[in-house]
Amino acid sequence: KEKTEGWELLFNGKDISQWRNFKRQNVNKKWQIVDNSMSMTAGGGGNLISKKQYENFDFKLECKISEKGNSGIFILVDEKGKRVYSHAPEIQVLDNERHPDKRLPTHRSGSLYDMIVAPVASQKIAGEWNTVRILLNKSHLQVWQNNVQTVDIVIGSEKWNKLLAKSKFKNWEGFAENSKGHLGLQDHGDVVSYKNLKIREIN
């Protein structure tokens, strides 16, 4: 049924063939398949990006962060900058109880990193699986974590620009200016797992 609706798997539980490391053609061995999930088993696995680029899409996945852990999901990634996040907005994945980033509300799980705070009702404790949905259609970005909406904004709008001006990205040339790009999964040095990654492109 999902296939007829246009959904395609970005991970089949068996191999990581639709992903590669940022600015590499392979996947670091620290990214492994554990219990049908794509898991970074130790720091140093490197940031992953999808081999394919996407413009308008509906992206669903599940993620689980380790205790004291930090990771993130990127959209509109390019490889022109030094880092995977140079131009890419991030949806935060975090242990809100133990990681020091918890002191900033915009850095907690489900938030649009350093820009929009996710509601507490969307958040679970570390070690539990979270469902995440990222819908991007003609610059309209919507995000849900555990079926609670955390983000609803148009990239490049007046509201966006005001939030951007208050964020760490205010002087980052090219930030969030791509109309299409890779998806990304962050290596922040902590164990993290992703599964049931699927995407539907919107025409």
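The values are calculated or read from the model by the stated rules, or taken from the named source; none is laboratory data. Note that the coordinates shown come from a computational prediction; the quantities given were computed from them, not determined experimentally. When we count neighbours, we look across all protein chains shown, and the Cβ atoms used for this are built from the backbone with ideal geometry, even at glycine. The protein model used for the area step is the full one, side chains on, heavy atoms only, and it has no ligands, DNA or RNA in it. Shrake-Rupley method; radii C 1.70, N 1.55, O 1.52, S 1.80 Å.
Whole number in Å², please: accessible area per residue of the range 51-203, 1.4 Å probe, ligands, DNA and RNA not counted.
Working: 7120 Å² over 153 residues.
So the range 51-203 comes to 47 Å² accessible per residue, rounded to a whole number.
Which whole-number percentage describes the relative contact order of the chain, with Cα contacts under 8 Å and a sequence gap of 6 or more?
Over the chain, the number comes to 33 percent.
Can you pull out the chymotrypsin sites (Phe, Trp or Tyr not before Pro) in the range 155-195 that DSSP calls coil and that have at most 16 other Cβ atoms within 10 Å? Kindly include the intermediate steps, with their values, before the conclusion.
Numbers: sites: W160, F169, W172, F175, Y194; in loops: F169, W172, F175.
Qualifying residues, ordered by number: W172.
Along its principal axes, what span do the Cα atoms of the chain show, with the longest given first and each in whole Å?
That gives 43, 41, 35 Å along the principal axes, largest extent first.
Just want the answer: with Cβ charges of +1 for Lys and Arg and -1 for Asp and Glu, which residue in V154, T4, V191 is farthest toward the dipole's positive end in the chain?
V191
Please report, to two decimal places, log10 I(q)/I(0) for the range 84-198 at q = 0.12, 0.19, 0.24 Å⁻¹ as given by the Debye formula with identical point scatterers on the Cα atoms and no solvent.
Result of the Debye calculation: -0.41, -1.11, -1.72.
Would you work out which of F22, Q123, M40 lies farthest towards the positive end of the dipole of the range 1-151? Charges go on Cβ: Lys and Arg +1, Asp and Glu -1.
F22
Quick one, can you get me the convex hull of the C-alpha atoms of the range 1-109 expressed as volume per residue in Å³? Provide the component values of the computation, followed by the final result.
Working: hull volume 14.9 nm³, N = 109.
Hull volume normalised by residue count: 137 Å³.
Please return the longest stretch of the chain lacking exposed loop sites, where GluC sites (Glu not before Pro) count only if DSSP places them in a loop and at most 16 other Cβ atoms lie within 10 Å. Provide the component values of the computation, followed by the final result.
Values: sites that count: E2, E5, E55, E67, E79, E97, E128, E173, E177.
Segment 6-54 is the longest.
Give the dimensionless ratio obtained when the Cα radius of gyration of the range 124-164 is divided by 2.2 N^0.38 Å.
Values: Rg = 12.5 Å, N = 41, 2.2 N^0.38 = 9.0 Å.
Normalised by 2.2 N^0.38 Å, the Cα Rg of the range 124-164 equals 1.39.
Summarise the accessible area of the range 95-136 (1.4 Å probe, protein heavy atoms) by the percent that is carbon and sulfur. Intermediate values should be presented prior to the final figure.
Numbers: 1080 of 1890 Å².
It is 57 percent, rounded to a whole number.
Expressed as a rounded percentage, what relative contact order does the range 45-136 have, with Cα pairs under 8 Å and six or more residues apart?
Values: 166 pairs, mean separation 30.6, N = 92.
For the range 45-136, the relative contact order is 33 percent.
For the range 122-164, calculate the relative contact order in percent as a whole number, restricting contacts to Cα pairs under 8 Å that are 6 or more residues apart. All intermediate terms of the calculation are to be shown ahead of the outcome.
Working: 59 pairs, mean separation 12.7, N = 43.
Relative contact order for the range 122-164 comes out at 30 percent.
Round to a whole angstrom and tell me the spacing of the C-alpha centers of the range 19-59 and the range 177-203.
Between the Cα centres of the range 19-59 and the range 177-203 lies a distance of 8 Å.
Counting other C-beta atoms within 10 Å, and keeping those with at most 16, which DSSP coil chymotrypsin sites (Phe, Trp or Tyr not before Pro) do you find in the range 107-156? It would help to have the intermediate numbers written out before the result.
Working: sites: Y113, W129, W144; in loops: Y113, W129.
Taking the range 107-156 and a limit of 16 other Cβ atoms within 10 Å, the loop chymotrypsin sites (Phe, Trp or Tyr not before Pro) found are W129.
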